[in-house]
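Quick notes on the structure that follows.
The values are calculated or read from the model by the stated rules, or taken from the named source; none is laboratory data. Values in this document were obtained by computation on a predicted structure and should not be read as measured data. Cβ placement follows ideal geometry from the backbone for every residue including glycine, while neighbour counts extend to all protein chains displayed. To get the accessible areas, we keep the full protein, side chains included, count just its heavy atoms, and leave off ligands, DNA and RNA. Shrake-Rupley method; radii C 1.70, N 1.55, O 1.52, S 1.80 Å.
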Amino acid sequence: MTAAGRQVRAVRLGPRSVAALCLVSAIGVVAFGWPLLAGSGSGLAHSQDAPWLFAALLPLLLAVVATVADAGLDAKAIAMLGVLAAAGAALRPLGAGTAGIEPMFFLMVLSGRVLGPGFGFVLGSVAMFASALLTGGVGPWMPFQMLSMGWVAMGAGLLLGPDRWRGRRELVLLAGYGAVASVGYGLVMNLQGWPYIGGLASGVSFVPGDPLSANLARYLAYCLATSLGWDLPRAVVTVVLTLTLGGTVLKALRRATRRAAFEAPVAFADHAAITDPAGPPGRPQGPARP
């Protein structure tokens, strides 16, 4: 925090970056939800649409990474982004696929809280991209995972009281948000594959052309029957890690942010004043005589 008590942000969102975030988020919502509004004759097939969605979303996400700040990410912000993204990518394989134990969410939530929504969105997207490369999980689902994790970290940066809330109250806030975000991530990611899965029971399968309310009811039944066993442990792990280690990690992140001095003004010293503070400009002052 600065002397005035204001939390320093690694990336300041400007008009272009806000517009880019809104655009890619709107396109992401459409990409996730359009099958729910598709007609019965749409001929939904994952093999047909997934490559197109992959080709559309991935460049958009990369464009947001490039324009998230009007002036661009400076070297210090890029260095911190690389360190945190690498840490997140390394944490994901520790529990991914094992009952939903994913400590990556804990780090993304705390980093988004300290470094702000713009940096958080970029961090979540880049960390998920790096973890996909690390674990061999590259596929049509990857842009959806990048977008969803970007939303998780960005949401943490938009929580109330970044300049005032500290201590136990802040940890409880972040733990509650982490629990909701962990379950929400699973619910959103289910939309990426559920409409294309065939052979499901009639009570949980997607039916193109049916009313939205009917498909949403089947979707919730599908989530309860399949993914909730992974989503709830993910939420529990995030809450436990936030309440036990969150204070230490938050202090470390804020200390690193202060030392990086992302918002420190750049001042140029006058050459004449440096060479001859007391004499005429441009004439170096010699050593004092006895």
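Need one number: nm distance between label points at Ala79 and Ala252, each 7 Å from Cα along Cα→Cβ, rounded to one decimal.
So the two model labels end up 1.8 nm from each other.
Mind ordering 238-247, 104-113, 158-167 by average Cβ neighbours within 10 Å, highest first? Spell out each step's value before the answer.
Details: 238-247: 19.4, 104-113: 27.9, 158-167: 12.7.
Answer by packing, highest mean first, reads 104-113, 238-247, 158-167.
How compact is region 146-255 by the rule of thumb for globular proteins, expressed as Cα Rg over 2.2 N^0.38 Å? List each step's numbers first, then the result.
Details: Rg = 17.5 Å, N = 110, 2.2 N^0.38 = 13.1 Å.
The value comes to 1.33.
Computing the accessible area with a 1.4 Å probe over protein heavy atoms, can you report the carbon and sulfur percentage for region 144-257? Show your work: numbers first, answer last.
Working: 3630 of 5070 Å².
In region 144-257, the share of accessible area belonging to carbon and sulfur is 72 percent.
Work out, in µm²/s and without decimals, the Stokes-Einstein translational diffusion coefficient of region 110-194 at 10 °C, 1.306 mPa s, Rh from Kirkwood over C-alpha pairs. If you can, show how the numbers build up before the last one.
Values: Rh = 13.4 Å.
Diffusion coefficient, whole number: 119 µm²/s.
Suppose the chain between Ile27 and Thr226 were pulled fully straight at 0.36 nm per residue; how much longer would it get relative to their current alpha carbon spacing? If you can, show how the numbers build up before the last one.
On the way: separation 199, 0.36 × 199 = 71.64 nm, distance 2.67 nm.
The span from Ile27 to Thr226 would gain 69.0 nm if fully extended.
Using square roots of five times the C-alpha gyration tensor eigenvalues, list the equivalent-ellipsoid semi-axes of region 117-159 in whole Å, biggest first.
Values: eigenvalues 83, 17, 7 Å².
Each semi-axis is √(5λ); the values are 20, 9, 6 Å.
Given charges of +1 on the Cβ of Lys and Arg and -1 on the Cβ of Asp and Glu, with all other atoms neutral, how large is the dipole of region 148-233 about its Cα centre, in debye to the nearest 20? List each step's numbers first, then the result.
Working: 5 positive and 4 negative charges, 63 e Å.
Dipole of region 148-233, to the nearest 20 debye: 300 debye.
What does the highest-first list of 146-152, 127-133 look like by mean Cβ count within 10 Å? Show your work: numbers first, answer last.
Numbers: 146-152: 26.6, 127-133: 21.9.
Highest to lowest by the protection proxy: 146-152, 127-133.
Suppose each label sits 7 Å from its Cα in the direction of the beta carbon; what would the Leu94-Thr135 distance come out to in nanometres?
Roughly 1.3 nm, to one decimal.
Could you compute Rg(Cα) / (2.2 N^0.38 Å) for region 157-210, with N its residue count? Please report the intermediate quantities before stating the final value.
Numbers: Rg = 18.2 Å, N = 54, 2.2 N^0.38 = 10.0 Å.
Expressed relative to 2.2 N^0.38 Å, the Cα Rg reads 1.82.
Top to bottom by accessible area (1.4 Å), largest first, where do Arg234, Arg259 land? If you can, show how the numbers build up before the last one.
Values: Arg234 15, Arg259 190 Å².
Descending order: Arg259, Arg234.
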